[in-house]
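The values are calculated or read from the model by the stated rules, or taken from the named source; none is laboratory data. For clarity, every value in this text was computed on a predicted model and none was experimentally measured. Here the Cβ is made from the backbone with ideal geometry for all residues, glycine too, and neighbour counts use every protein chain on show.
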C-alpha cells in the first residue's frame, strides 16, 4: 500500500497557470470576492502571516501584493484525471481520495521487485510528477491510514520497514493532518488532544457521541478497525472495443456487421455498470495508414443497439472512404442509466418526443454536429449581436402567443456589403447600383455607439427606399467612414 | 428655421443626484447650459430634489434661470416630469415625493395617478418619453383626469435621442396629444453635460443594475445622445417641429419659482401666559442665571447676557434656543446626561439654559464665533448625549414636533478612490480580487494615479486599465446613495415636507430629508445636532454605581473641582480610560505639560491634534510654559489673540482671528476659511487661502516663517483641530472621568467595562490597569455574575469594592442567555453542574462557551473535563427533552489547565483575564533571558540600551508623524511605548504588523518623565509557551 500526496494541489495548479506569481505571495480563494476565504497559501504568503482561513481582504491588509485566484472543481477534476494517467505507469490500482484533491492511494505490491526497491519506485514516481510540474510526496507502508499520515506529514518520500514503525509514526502524527472537521479538531485541541495517538485512545462511542459520525469513522480508520479495499478509478472510465482486419474492407454492409458485435460488447459492459452509452467515438485506420475519427451522440444516453448502429451507418455513408478499412475501434462514454433503460421490455408511449430527438440525431449523424442549430435572442444594441446561434438540444413544448399585428421582417445579411457613399450634395444615390434605381426616401439616422471598452463602434443607420420600392437598411460606419448595406425590410 | 440666436430650455435633466443614473454634477449642468446660451435648465432628478441646492447655488452665482422639478415614478412604473411654477407648486412637488418615498422601501418611490392629480396645483406636467404612460401600448386611462387636474399646464413631451424605435413612440405620443388637445414640447432626457461623460453613464448604469458592460445588453443607452445640446443642434434635431422647441421657452417663462423664495420659520410651541418667544427666553435665561451665578451676575456676565439676548431677538432666533432648551429639559427629566459642545459653549445664554456647562465669560470665550450679525447665519448647537440613550432623545424630538415637522438631515455617500475602483472595476468586468488588490494600493482621498497600477502589478498601458483609471477619476466625489447624518435634525414651523421631500432612512423609525448639512447651511435653515458620546455613558453608569454602593449622589456639576490628587494622577499620565487624555500621544504629553487646573486640561485636549502638531506649535508652547523661552508675539496686533496661549495659536478661533487681524480677512472670508477647513477632504479648498494669507501677513510685517507655519496649522486644523469652546466642553468630561478614576477606581472600571466597546483600550487592558490600581477583579461566574459587570463589597477589608465581571464578556453569549442565568439563579443557587444544566436547559453550544470561559469553575470541575462532559449534551437534547449530562461510559481525565493555559482560555473566550496577565507566568523565563518588565524599563536611565518583550496592545501610524509608527506594549507591570522609525518599520514590518508578543531591542529615551523605547530591531521571542495572540487596537 502506498499513498501519494500532492500538497495543496489547487495552489500548485494556480501557480502553474500564473508562473509570474511564483515569487510573490499567492493563494487560492474559494470565490472571486474580497470576502472570499483563502484556502491555500504559498510560502511567500505564509511569511506575511497570511494563512488559510483568512478572508482575502484580511490577507491584503497584511500584504497588499497578495495575488489570488480561484480554481474550479472542474479544473481540479481534470488535473486529477491527468495525474491518474501519470500514476497508471506506476500502479495497476489507483484510488483518488474523494474529499481531498491531491491524495491518491495506490497499490505498490511487487513494485520493489520491478524497480529494485520501493524507494526507487517512489523516487521515480516523484520525479515523473516533478517533470509534469507537480510536487508530490510518496509514503509506502502497510495500512491505508498509516501511509496517508506519513504522506501528509513527511517532506520527502518515506518507506516503512514494518507495521510497528508505521503505527509509532501514526500515533505521533498531529491531528491537523487528519481530515477532521475544523470544529471537531479545535475542540480536541482544547481538550489537549493534539496527536493521533491521543485521539485513538479516546473511547470510540464517546467520540461518536461528541463529534459525530465523520469523526467516528476517522477514529475507526485510525485504529485500523475499518479496512476497505481500494476502489480503482477506472470503474467510470470509457469502455473500448476494437478489431484488426487482415484485409481492407470497403463495403458498408460488411462494416456494419463488423461493428455490431463491438457495439453489443460495449453496451453489455455499460449495462453491467448500470450505465448507458452517452457518446461513441469511432476510430478507423484506413489502408493508406491514415486515420479517421467520428464522434456520435444519441439523442439521450441509450442501451439500444439498433439505434447506435443506425447512427453509425448514417455517419459512415455520409463521407465515403478513399480506401478500405483495416482496423476498427469503438470507445463509449457512459452516464448513469435510468431505471427505464434498465428494464428489459420498456413500454413506449403513444407520442414519443424521443422520436423527434432521434430524427435530429440522425440529421447530425449525416450532416455533422453543427447541422441543427437554433437562434437565441440576446440583449444588445448592435443588430448582429442581438441573436446568436446555439446548438439545438431538445424540443420545448410549444407555447404560441397571438400577435396583434404581423411584425415587419428585417433580414440581416451575414456580412454587411459595402455600398457607395451618400452624395454630399443633393445628387442621386445609387445604393445598389442601377438595378433598383436611386434612393427616393431616406429615414434616419438612428445612431448606435458602443463597445468603447473593447472595440468602439459608431454607426448611423438609415432606412432607404429605392426607386424599385425596396427598403434597404444601410449604415454609415463613422469610424471607418464607409457605408454598408446591412439588411433589407420585407 | 429659427436664427442662430434662438435658444431653448432643456426641461428634463438628471444630475448625478439621480443616483447612478445622471453622470454630471448639478453645477456642471448649470454651468454648461449657461455657457451654451440656453434660456434656462430644469433639474428633474429621479423622485427627488437632492441636487437642487447645488444647482441653485451655481445658478445664483451665474445669474442663470434654474427650473425646479423632478421626474416622478408612478405605481405602474411609468414616469412623469413635474416642474414647479411657484412656491406652492414646489410644496406640492415635495409633498408628492414624500408620499411616494415614505410608503416605499428605501431608495425607491411610487405615487399613484390620483395623488399626482391632487398635487397638480402650480405644477407643470411634461408627459412623454419612452417610459411614459402616454407612449405605452395601451391607451392611458388617466388621460382625462390629468387633463382636468393640470389644464393647460399639461404638455406632451417629445424626446429624440436618435435611437431605434423612437419614431414609432413619437408618432403615438403625437396622435394621443392631438386627441387630448395637448401642446407638444420638444425635449430629451439629459443625463450628462457633455458627450464625454457617456462612458461614465454606461458604467453607472452597470453599477446600478449589478452587471458588467459586457453583459449589460440594452440596459445602457445606445448612443451618446443624452448630453446637453447647443441651441443650433437642438433646433436641427427638431427641424420638422420648431414650435415644440419654442414651447420650451414658454414653459421656462411660466416656471419662476426659485429656492431663494424659501422662507424658513423655526418651530415654536405654545408659550405660557401669552408671552412672546423673546420674553419667554429671557425668563428662562434669567432663571438659569440665578442657578449658574448664585452670588449674582457679574457686570461682564450681565453685559454679555444682554448683548446675546438682543442679538437673538434681532435675528429672530428665539425658537431655536427654546427648542434646544426643551430637548435638554427632556434629557434632565429622564435622567439622560447631555452637554452642548462646539461653538455653543461660547454663549452665556446656552450656559444659563443648561445647554452647555462652560461659563464663557470667565473663560473669555468669543461669542461671535457662535453667532454674528455680519454672518447672519443660523447658529449651530451640537448636543452630546450619552450614547446608549440618544435614540430616546431622537424619538422624543419626532414625538414632540411630529413626523411632518421634524426629519433628520441626510448625508450623501460619495465615491472615494477605493470605492470608485471597486464599482467601476466590477462594471468593466475585472475579477473582484484583482480590483481589491489594486484598491489596497490606492490612496484614500487623493485621486487615483498611474503609479498605483504599477505597484499592484498591473499594466496601465492596456486599454482596460486606462479606462479604469479615467473613469475612476471621473466618478470621484459623485454621490452614490443617501445616508443619514449622525445626529442632524431639521425642524420647521411649516411641515418639513413642504420644504424638501422626506423619506425613510435605513434605520427603523427614522425619516430623513433629501439635503445634506451643506445644503441646509446654504439655504440658511436651522439644524439641531444630537450626537452620541460614549464617555457620558460611562459617567452616568459610574454615578449610578457610586450612588448605589457608596450612597453619594453626584452630577457633573457637583464633582469637586481642582482636586489635587486627581491632577497628580493626570500629571503622572495615569489616565487609562480617561476621556480624551488616555491615548498614547496624550499620555506622552501629560508629564510634560503637567496640567494643574481646568484650563490646562483645555490646552492638553487641544494641543495633541494635527493642527498644532503640523503647525509646529507644540514644542514652542511647552518651552514657553516651562519658561525656557521668552514669550513674544509676531506682531503687536496679535497680542490680544494669542496672550492666553503664550503667543502660540492653539485653537481654531485663534486661527480665524489671526486671519482677520493679521491677514485682514473680512468676517465673511474668515467664515469661508472655517468652512474650507471643515471640508478638508475636498482637495484644494484650503490651498486657495495659502497665497492670500501669507502675502497679507508678510505685508503687515509678520515674519514669513510664522505666516507659513500658521498656514500649515490651518491645514492641520482642517484635518482635525478643536475650537477652544469645544475643547473646554471636552475638558470638563475629561476632568470628571479622571476624578472618578482617582477616587472611585472600581466603579469607574465597572462603568468602563459595561460601556465597551469604546475608548482607546481593550477590556483586557482596562482590567489589568484596574488591578494595578488595587481593584479586585473577579472572574465571570454563573453563581454571581449578572449580564453587566457589577460591584461587590469586598469581604474583610471593610471598604472598597470588587468588580465582578459580567456574563456579557463570555464570547458568543447572547443577552437573553445571561438574563436566563440570572432568572433561574434568583430562586436558589445552582447546586452542581448537573443542576445548572438541568435548570437552564442550555444547549451544548452555550454550555461549552460557559465552560471555556471559566464561568462554571464554581462547580469545582476542571474546564477540560467539564467541556468533555457538556459535549455529550446535544445528542441527548436531540433525542428527548432530558437535559441531564451523560456521564456514563469510561471516565476520561484530560488534566487541569496550568496557569498560562488558564489565562489563555480566559483571554480566548472572554477577551480578558482577571486571573493574571499572559506574561506573568512566563516572567521567570523572561528574566532568565534578560528581558526586564515594563516597570523596570520605565525606571532605567535615558540612553540605556534595552531588550524587551511585551504584548502589543496598540499600533498607531499618525499621518502627521512622517511614517513613524508608535506602538504600546504591555506586560503585567505596565506599558512600554515604542517609537519605530520608518526605516526600522519597513525592515521589520511583517513582525510589527502581525506579532502580538513582540521583542524589541533599542535605546531608551527618558525625558521629562516620559519614557520611549526607540526600536532598532524587532524580533519574535522564543518562549516555551506562547500566550494567545490578542487583538491590538490599531489606529491610523
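Among the residues of region B:1000-1027, count how many are buried (at least 18 other Cβ atoms within 10 Å of the Cβ) and under 37 Å from the mean Cα position of the chain (by Cα).
7
Residue-by-condition table, conditions (1) surrounded by fewer than 24 Cβ atoms within 10 Å (Cβ to Cβ); (2) at pLDDT 90 or above:
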| residue | (1), (2) |
| --- | --- |
| B:350 | no, yes |
| B:378 | yes, no |
| B:394 | yes, yes |
| B:397 | yes, yes |
| B:407 | no, yes |
| B:431 | yes, yes |
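Exactly one condition in (1) at pLDDT below 90; (2) under 31 Å from the mean Cα position of the chain (by Cα) is not met by residue B:731; state its number.
(1)
Here is a yes/no grid of residues against (1) assigned to a loop (DSSP other than H, G, I, E, B); (2) at pLDDT below 90; (3) surrounded by 20 or more Cβ atoms within 10 Å (Cβ to Cβ); (4) within 14 Å of chain B (Cβ to nearest Cβ):
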| site | (1), (2), (3), (4) |
| --- | --- |
| A:65 | yes, yes, no, yes |
| A:91 | yes, yes, yes, no |
| A:98 | yes, yes, no, no |
| A:104 | no, no, yes, no |
| A:108 | yes, yes, yes, no |
| A:114 | no, yes, no, no |
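Matching residues to (1) modelled with pLDDT of 90 or more; (2) assigned by TED's automatic domain parsing to the domain that holds residue B:978:
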| position | (1), (2) |
| --- | --- |
| B:883 | no, no |
| B:906 | yes, no |
| B:928 | yes, yes |
| B:931 | yes, yes |
| B:936 | yes, yes |
| B:939 | no, yes |
| B:959 | no, yes |
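How many residues, within region B:551-572, are in a helix (DSSP H, G or I), touching a residue at least 60 places away in the same chain (Cβ under 8 Å) and surrounded by fewer than 16 Cβ atoms within 10 Å (Cβ to Cβ)?
1
Taking residue B:575 and the conditions (1) surrounded by 17 or more Cβ atoms within 10 Å (Cβ to Cβ); (2) more than 30 Å from residue B:1033 (Cβ to Cβ), which numbered condition does it fall short on, given that it satisfies the others?
(2)
Given (1) touching a helix residue (DSSP H, G or I) at 6+ places or on another chain (Cβ under 8 Å); (2) more than 12 Å from chain A (Cβ to nearest Cβ), where does residue B:210 come up short, assuming only one miss?
Of the numbered conditions (1) touching a helix residue (DSSP H, G or I) at 6+ places or on another chain (Cβ under 8 Å); (2) more than 12 Å from chain A (Cβ to nearest Cβ), the odd one out for residue B:210 is (1).
Considering only region B:804-821, state which residues are within 25 Å of residue B:745 (Cα to Cα), under 30 Å from the mean Cα position of the chain (by Cα) and either in a helix (DSSP H, G or I) or without any contact (Cβ under 8 Å) to a residue 24 or more places away in the chain (or both).
If the condition is that a residue be within 25 Å of residue B:745 (Cα to Cα), under 30 Å from the mean Cα position of the chain (by Cα) and either in a helix (DSSP H, G or I) or without any contact (Cβ under 8 Å) to a residue 24 or more places away in the chain (or both), then B:808, B:809 are the ones that fit.
Consider residue A:385 against the criteria (1) surrounded by 13 or more Cβ atoms within 10 Å (Cβ to Cβ); (2) within 14 Å of chain B (Cβ to nearest Cβ); (3) over 37 Å from the mean Cα position of the chain (by Cα): it satisfies all of them except one. Which criterion is unmet?
The one condition residue A:385 does not meet is (3).
Scan region B:779-802 and give yes if some residue there is part of a helix (DSSP H, G or I), touching a residue at least 40 places away in the same chain (Cβ under 8 Å) and within 33 Å of the chain's Cα centre (by Cα), otherwise no.
no
Does region B:640-655 contain any residue that is over 32 Å from the mean Cα position of the chain (by Cα), touching a residue at least 12 places away in the same chain (Cβ under 8 Å) and not assigned by TED's automatic domain parsing to the domain that holds residue B:955?
Yes, region B:640-655 has at least one match.
Picking from A:78, A:24, which residue would you name as being assigned to a loop (DSSP other than H, G, I, E, B) and either free of Cβ contacts under 8 Å to residues at least 60 places away in the same chain or within 21 Å of residue B:441 (Cα to Cα) (or both)?
Among A:78, A:24, only A:24 is assigned to a loop (DSSP other than H, G, I, E, B) and either free of Cβ contacts under 8 Å to residues at least 60 places away in the same chain or within 21 Å of residue B:441 (Cα to Cα) (or both).
Of the residues B:397, B:393, B:424, which is in the same structural domain as residue B:478 (by TED's automatic domain parsing) and touching a helix residue (DSSP H, G or I) at 6+ places or on another chain (Cβ under 7 Å)?
B:424
Can you give me the ranges of the helices (runs of 4 or more DSSP H) entirely in region B:417-502 with at least 3 residues that are more than 12 Å from chain A (Cβ to nearest Cβ), more than 28 Å from the chain's Cα centre (by Cα) and at negative phi?
B:450-455
Residue B:106 passes all but one of (1) part of a loop (DSSP other than H, G, I, E, B); (2) within 14 Å of another protein chain (Cβ to nearest Cβ); which number fails?
If we test residue B:106 against (1) part of a loop (DSSP other than H, G, I, E, B); (2) within 14 Å of another protein chain (Cβ to nearest Cβ), just (2) comes out false.
Can you pull out every residue in region A:168-192 that is surrounded by 14 or more Cβ atoms within 10 Å (Cβ to Cβ), within 14 Å of another protein chain (Cβ to nearest Cβ) and more than 17 Å from residue A:214 (Cα to Cα)?
Listed by number, the residues that qualify are A:190, A:191.
State the number of residues belonging to region B:123-152 that are touching a helix residue (DSSP H, G or I) at 6+ places or on another chain (Cβ under 8 Å), free of Cβ contacts under 8 Å to residues at least 40 places away in the same chain and over 14 Å from residue B:181 (Cβ atoms).
Count: 7.
Note down all Cβ pairs under 8 Å where the first residue falls in region B:681-696 and is surrounded by 15 or more Cβ atoms within 10 Å (Cβ to Cβ), the second is at pLDDT below 75 and in a loop (DSSP other than H, G, I, E, B), and they're at least six residues apart or on different chains.
As it stands, the answer is B:685/B:679; B:686/B:680, since those pairs meet every condition given.
Residue check: is residue B:420 touching a residue at least 12 places away in the same chain (Cβ under 8 Å) and either within 30 Å of residue B:339 (Cα to Cα) or in contact with a strand residue (DSSP E or B) (Cβ under 7 Å, 6 or more places away or on another chain) (or both)?
no
Picking from B:783, B:794, B:771, B:831, which residue would you name as being loosely packed, with under 15 Cβ neighbours inside 10 Å and more than 30 Å from residue A:207 (Cα to Cα)?
B:783
Go through region B:358-380 and give me each residue that's in a helix (DSSP H, G or I) and either closer than 20 Å to residue B:556 by Cα or in contact with a strand residue (DSSP E or B) (Cβ under 7 Å, 6 or more places away or on another chain) (or both).
B:360, B:361, B:362, B:363
I'm checking my understanding of the structure. Among residues of region A:35-52 that are over 16 Å from residue A:22 (Cβ atoms) and free of Cβ contacts under 8 Å to residues at least 24 places away in the same chain, which one is nearest to the other protein chains (Cβ to nearest Cβ)?
Only one residue tops the list, namely A:49.
Kindly establish whether residue B:219 is surrounded by 15 or more Cβ atoms within 10 Å (Cβ to Cβ), within 14 Å of chain A (Cβ to nearest Cβ) and touching a residue at least 12 places away in the same chain (Cβ under 8 Å).
Criteria not met by residue B:219.
Select from region A:436-466 the residues that are more than 16 Å from residue A:420 (Cα to Cα), more than 9 Å from every other protein chain (Cβ to nearest Cβ) and outside any strand (DSSP E or B) and write down the one among them that is nearest to the chain's Cα centre (by Cα).
It comes out as A:455.
Just the residues that are within 19 Å of residue B:196 (Cβ to Cβ) and away from chain A (no Cβ under 14 Å), please, taken from region B:222-250.
Result: B:228, B:230, B:234.
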